[in-house]
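Trainee: Please find one structure pasted underneath; my questions will follow.
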Amino acid sequence: MKYLITLLSFLLFAWMGMWWYYSCDWCAKNNSGPSIVDSTPDPEAEALAKKAYEDSIANAKRLSKGLFAVDDQNEDVFRYPDNLYINNANGNVSVPDALQDFGDRIVEYLGQNQNKELIISGYETSVERESGVKLGLSRAGYIKTILTNLGLNGDRIVTKPELSSYSYDSEGKYHGGILLKFQTLSESRLSEIEKGVANKTLYSGFAQKTFTPDATLANYALELKNFLNRYPDKTVQIVGHTDNVGNEEANLWFGQERANNVKQYLISQGIDQEKLNASSKGESNPIVSNNNEENRAKNRRIEITVN
């Protein structure tokens, strides 16, 4: 009997404790444990948490796949199934055959979006960063060189290192290692770029009969057109320069013809001919001595000034 009374007392106190915990308003508000009253989830918090989770999954998928570039809204501009390769020996970046046109796609996008610039981030591990060799920056710079060789204005490319955790394979390679993002130019960055557009030196084949605009001139024409649209009162001076091979009078003529070729090309790209003036200084204003072919090539140039 004594045992039965003890058991019944225990069950009674247990039931009262449960009732007090789950039914008392004061307890629901002050108890540090779970509360039925406050268990309803916050819809806004749930939505934010869900979006953060989805974004992390999307980023993980991006990083696990091929080469891609995104815009300001983190939307794909382009994507490849394959990726670039970095290595543990130097800042070179290997470009597989399937990615040979990735640079053209970047140049095309920036040509169509004159208010954008490209951010190139090169991976480096914490060990590489601590060594001071700046592999991340070198890798980003390697890609920048590929793009400038395609005629893209280097002023519209920003390179930076990206600290990341990854491992090289048995051949010392890593599949990936470069991030590409387009972003809208700030006013300060736009001002820097416009200085370069307003004072441009071009080196190319400007011969009279065989003149063919190269990628640098083609891309510059887009930038100059955009610049003149922003500043309609500006005019453009195109000056041809030559080396000192041949006589002075002939070089003055060659410089004029080459400047004329550039002028006509700019007109063909939609720039008002009234804003363009072509002239020549021939061999009279070299920037280096004409003592070797390398220097003579530097003197054969077109200088464009906007004022």
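The values are calculated or read from the model by the stated rules, or taken from the named source; none is laboratory data. Please read these numbers as outputs of a predicted model, since none were measured by experiment. No Cβ is skipped: glycine too gets one built from the backbone with ideal geometry, and neighbour counts run over all protein chains shown. In case anyone asks, the SASA skips ligands and DNA or RNA and just uses the protein heavy atoms, side chains included. Shrake-Rupley method; radii C 1.70, N 1.55, O 1.52, S 1.80 Å.
Trainee: Looking at region 70-142, I'd like the Rg to Rh ratio, where Rg is from alpha-carbon atoms and Rh is Kirkwood's inverse mean 1/r.
Mentor: Values: Rg = 14.1 Å, Rh = 14.0 Å.
Reported Rg/Rh, Kirkwood definition of Rh: 1.01.
Trainee: Please calculate the 1.4 Å probe accessible area of Val197, with all protein chains present, and give it to the nearest 10 Å².
Mentor: 10 Å²
Trainee: Quick one: Cα convex hull volume of region 210-264, Å³ per residue?
Mentor: Working: hull volume 5.2 nm³, N = 55.
Roughly 94 Å³ of hull volume per residue.
Trainee: Work from the charge dipole of region 160-290 (Cβ charges, +1 for Lys and Arg, -1 for Asp and Glu, about the Cα centre) and give the residue of Gln237, Ile271, Ser186 farthest towards its positive end.
Mentor: Ser186
Trainee: May I pose another question? Calculate the all-directions average of the projected area of region 199-307's alpha-carbon convex hull, and give it in nm². Walk me through the numbers on the way to the answer.
Mentor: Details: hull surface 26.3 nm².
About 6.6 nm², averaged over all directions.
Trainee: Could you check what % of the DSSP bridge pairs in region 159-307 are antiparallel, to the nearest 5? Walk me through the intermediate numbers first.
Mentor: Details: 10 of 16 bridges.
Counting only bridges with both partners in region 159-307, antiparallel ones make up about 60 percent.
Trainee: Let me ask something else about it. Output the Kirkwood hydrodynamic radius of region 251-295, Cα pairs only, in Å rounded to one decimal.
Mentor: Details: mean 1/r = 0.0836 Å⁻¹.
Hydrodynamic radius (Kirkwood, Cα pairs) of region 251-295 is 12.0 Å.
Trainee: Where the only charges are on Cβ atoms (+1 Lys, Arg; -1 Asp, Glu), what is the dipole of region 111-218 about its Cα centre, to the nearest 20 debye? Don't jump to the answer; show the numbers that get you there.
Mentor: Details: 13 positive and 12 negative charges, 63 e Å.
Taking the Cα centre of region 111-218 as origin, the dipole is about 300 debye.
Trainee: If you don't mind, there's one more thing I want to ask. Can you give the % of DSSP beta bridges in region 74-214 that are antiparallel, to the nearest 5? List each step's numbers first, then the result.
Mentor: Working: 12 of 19 bridges.
Close to 65 percent.
Trainee: Residues of region 77-117 with the amide nitrogen closer than 12 Å to a label point 7 Å from the Cα of Tyr166, along Cα-to-Cβ, please.
Mentor: Hits in region 77-117 for Tyr166 at 12 Å: 83-88, 93-94.
Trainee: Assuming R0 = 51 Å, can you tell me the calculated FRET efficiency for the pair Ser126 and Glu248, based on Cβ-Cβ distance, to the nearest 0.05?
Mentor: Working: r = 61 Å, r/R0 = 1.20.
Calculated transfer efficiency: 0.25.
Trainee: Rounded to the nearest 10 Å², what accessible area does Glu117 have for a 1.4 Å probe in the complete protein model?
Mentor: Estimated to the nearest 10 Å², Glu117 gives 10 Å².
Trainee: Please report the equivalent ellipsoid semi-axes of region 98-211, computed as sqrt(5 x eigenvalue) of the Cα gyration tensor, largest first, in whole Å.
Mentor: They are 31, 18, 13 Å, listed largest first.
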